[in-house]
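Encoded as structure tokens, the structure appears first; notes follow it.
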Amino acid sequence: MFGLTRRQVLGWLAASALAGCTQSQQTDPPLPMGAPLPKVANQDAPAADVGDVPATFQVKFETTKGEFVIEVHRDWSPHGAARFYELVKIGFYDDCRFFRVMPGFMAQWGIHGDPKVMEKWGEANIPDDRPSGTNRQSNTRGMVTFAKSGQPNSRSTQIFASYVNNSRLDPDGFTPFGRVLSGMEVLESLNSKYGEEASHQQGRIQEQGNAYLDKAFPGLDSIKKASFIGPESSPAEGEKP
């Protein structure tokens, strides 16, 4: 930079910094957002009592690509663990599509294939969890977290599993509630052809369900069944989503 004036040097440094920020913004994948935050949450959807949820439990997901197991820790995210527990118990995730799969980022699912079910649950938001100390976990590879909008207390049913270290999400209320105990290779083999195309159509997915996804995005992998490993049963006898 010999021969440049002080003003030229400062201008060059500022331009370089701006270019660096722009490049970072372009390379960072977009946040794993859920449905837009409703004006009023649906109070009719049941909510699990955190105290009724086991301290730890495991859930097996049988998918079109194989099986994977998630181990949940209630202390990591009490409200998140309780919501996941109740959704698995009633069979909510059965036949759900992996509608957003982005290699180098994450896989996301949790929109029910029946619009009537989503009408009940899509607006049943839960409070944010912000644990401290040893219970505070980061969105590293294999961690499982609820998606949310940019607003607080906007988690409902959508979850995602991180393929890589996504700790940049930590400050924004993305609190992991579990981890992939086995089958990470299954999650990484999910059909990623459509990337996040389907996620831009969440309104239509919730209104038309799997009928829309199967027509507009054929070939998406799906969950055959999600069930507890151990004494729990899924869904509970006589219960429906």
Note to self: Among the numbered criteria (1) touching a Leu at 6+ places or on another chain (Cβ under 9 Å); (2) at pLDDT 95 or above; (3) within 22 Å of residue 120 (Cα to Cα), which one does residue 211 miss?
What the structure shows: (1)
Item checked: For residue 143: the one exception among (1) over 23 Å from residue 86 (Cβ atoms); (2) free of Cβ contacts under 8 Å to residues at least 40 places away in the same chain; (3) not small (Gly, Ala, Ser) -> (1)
Item checked: Candidates 162, 138, 182, 154, filtered to the one that is over 25 Å from residue 228 (Cα atoms) and small (Gly, Ala, Ser) -> 154
Note to self: Consider segment 115-130. How many of its residues are acidic (Asp, Glu) and part of a helix (DSSP H, G or I)?
What the structure shows: 1
Next item on the list: For segment 169-184, state whether one or more residues are assigned by TED's automatic domain parsing to the domain that holds residue 55, within 17 Å of residue 96 (Cα to Cα) and either charged (D, E, K, R) or assigned to a loop (DSSP other than H, G, I, E, B) (or both).
Entry: no
Checklist line | 1 or more residues modelled with pLDDT under 95 and out of contact with any helix residue (DSSP H, G or I) (no Cβ under 9 Å at 6 or more places or on another chain): qualifying strands (runs of 3 or more DSSP E) within segment 25-108 | finding: none
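The values are calculated or read from the model by the stated rules, or taken from the named source; none is laboratory data. Since this is a predicted model, take the numbers as computed values, not measurements. No Cβ is skipped: glycine too gets one built from the backbone with ideal geometry, and neighbour counts run over all protein chains shown.
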